[in-house]
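All remarks here apply to the structure that follows.
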Amino acid sequence: MNLVLSLASAVFLVLIFPRFNLTWLAPLALAPILIACARELSWMRRFLQGWAAGIVFWFSVCYWIQAVLESHGGLSGWLSWVTFVLFAVLKGLHMALFATLAGFLIKRRWALPAIAALWTGIERTHGPFGFAWLDLGNAGIDMPVALRLAPFLGVYGLSFVFAMLGCAVALIALRRPRVQLAWVVPLLGLPLLPALPPPTAAPSESVRVVQPNLDTEASFNSESLRDLEQQMAVLSHDKNTPLIVWPEWPAPFDMTSSFRAFVADVARDSHAFLIFNAAGQTGRGEPLNSAFLVNPEGAIVESYDQINLVPFGEYVPPPFGWVNRITKETSDFVPGNRLVVFPVANHRMGVFICYESAFPDLVRQSSRNGAEMLINLSNDGYFAHSAAREQHLNLARMRAAENHRWILRSTNDGITAMIDPAGRVAERLQPYRQLAADMHFQYLQGTTFYTRHGDWFAWGCLVASCLSLALTALI
């Protein structure tokens, strides 16, 4: 029964995210596994039951990884499954650790805040330990009241609230004294937090967005690259917008003299700034996945090198040496080492690339450094028609709400969208089509509490949960 309860939490966690979007389950999702933790006396069995739940969660919510490895990574069917299962097994260790430690905390009268802090603190370690994706708090992107926490505590504040409510449900089911539920009373103050910005009726700024819809497995030669350049020039041509944005793409563009001349011509002909993706190089000749800014005179003004690279997509993690890298334009990329804000006329823009939308702290630093608008360049073509596209969009939506910034998600074949400062999708292009459109936004100044102070709450939760465990061991 304890194993069934643990697996039930895994299923609930899968159901709250795209493609199911049963977000009303978020405050209940952790209750079953916490009931199991309270019933199970053996820490080893709690570890194994939590591990099983973690494996089921990562296997189910990231099911698209297997297809990506097989279709684009060059792995045979069985080897792609072995690799994907190993990924889920390793990621499941986070849930195993949570279940093991929650079993000690749930016996205490301070169980409710301690367990919520434990979940939130462990959640913050996903990125440093190799792969970050959907946090529990991401389920609140369409919950206007819960989302009021995002500008103060980031997505981790929402994770804490959902974990606390799940623990409260578990304590009620375990017939614990009602006084132990008093910790949830402060949550009644959520409606008193400032409301998120209302929809903007007619944003005054415009940007030309090009969605080229390139085949991720296409083979490119000099002739096909010239054809692609001509298509991009035609799609980009618009005398009425001061900015053009191209997405991350699978074409092997690098900063050769001919390509530099091409992007310079596009910018000059359109009298516009141009932001685009291409392969850069370090001083030692190592490849970088970069974004560049060209001004209307055709000069390269600034560049940003992706800091958080995509596992398997842009580099192969050391434990998976047998896996081919999915993108084939060059050898393994190396990470960048500096944040950059692009100067566009009298304004400043922050750019982050692809998977970096899963890193709240990285994105908020652009706003802290003066970015008045954010741009996410991505190529989701490797995801086919899976739920990964909507999952990826939701990550960017949460970054907008955390920082109160408009975010343009420019993608190769969708989902290309303009997101407003409350995380709402204001405009969206039809996916899987070659399109160009003018999208609209506002430059915004000022910073949120989260933008200024970052993940202090999440790291504080990790420290607090460790202190709670130490106190539990002493008493």
- Kindly indicate whether any position in the range 452-460 is of a type outside the set (K, R), assigned to a helix (DSSP H, G or I) and crowded, with 17+ Cβ neighbours inside 10 Å. yes
- Name the single residue, out of those in the range 363-381 being touching an Asp or Glu at 6+ places or on another chain (Cβ under 8 Å) and in a helix (DSSP H, G or I), that is farthest from D215 (Cα to Cα). R364
- Task: Pick out the one residue from R424, R405, R389, R368 that is assigned by TED's automatic domain parsing to the domain that holds N277 and under 14 Å from the mean Cα position of the chain (by Cα).
- Result: R389
- Considering only the range 50-95, state which residues are free of Cβ contacts under 8 Å to residues at least 60 places away in the same chain, in a helix (DSSP H, G or I) and among the polar types (S, T, N, Q). S60, Q66, S80
- Somewhere in the range 372-389, is a residue on the phi < 0 side of the Ramachandran plot, aromatic (F, W, Y) and at pLDDT 95 or above? no
- Single condition M398 does not satisfy, out of (1) surrounded by fewer than 24 Cβ atoms within 10 Å (Cβ to Cβ); (2) part of a helix (DSSP H, G or I); (3) at pLDDT 95 or above: (1)
- Item | Residues (under 21 Å from A279 (Cβ atoms) and not in a strand (DSSP E or B)) located in the range 336-362 | G336, N337, R338, L339, V340, C354, Y355, E356, S357, L362
- Task: Output the number of residues of the range 1-22 satisfying the condition of being part of a helix (DSSP H, G or I), buried (at least 20 other Cβ atoms within 10 Å of the Cβ) and β-branched (V, I, T).
- Result: 1
- Some residue of the range 233-247 being under 30 Å from E70 (Cα atoms), assigned to a helix (DSSP H, G or I) and aliphatic (A, V, I, L, M): no
- Task: Run down I407, I353 and say which single residue is out of contact with any Asp or Glu (no Cβ under 8 Å at 6 or more places or on another chain) and buried (at least 24 other Cβ atoms within 10 Å of the Cβ).
- Result: I407
- Filter the range 231-246 for residues that are over 10 Å from A436 (Cβ atoms), surrounded by fewer than 20 Cβ atoms within 10 Å (Cβ to Cβ) and of a type in the set (A, V, I, L, M, F, W, C) and give the result. A233
- How about the range 96-136: which of its residues are in contact with a Phe, Trp or Tyr (Cβ under 9 Å, 6 or more places away or on another chain) and outside any helix (DSSP H, G or I)? W110, H126, G127, F131, A132, W133, L134, D135
- Query: With respect to the numbered conditions (1) buried (at least 24 other Cβ atoms within 10 Å of the Cβ); (2) under 19 Å from the mean Cα position of the chain (by Cα), which one is the sole condition not fulfilled by F441?
  - Reply: (2)
- Can you name every residue in the range 137-186 that is surrounded by fewer than 22 Cβ atoms within 10 Å (Cβ to Cβ) and either at positive phi or part of a loop (DSSP other than H, G, I, E, B) (or both)? D142, M143, P144, V145, L174, R175, R176, P177
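The values are calculated or read from the model by the stated rules, or taken from the named source; none is laboratory data. For clarity, every value in this text was computed on a predicted model and none was experimentally measured. No Cβ is skipped: glycine too gets one built from the backbone with ideal geometry, and neighbour counts run over all protein chains shown.
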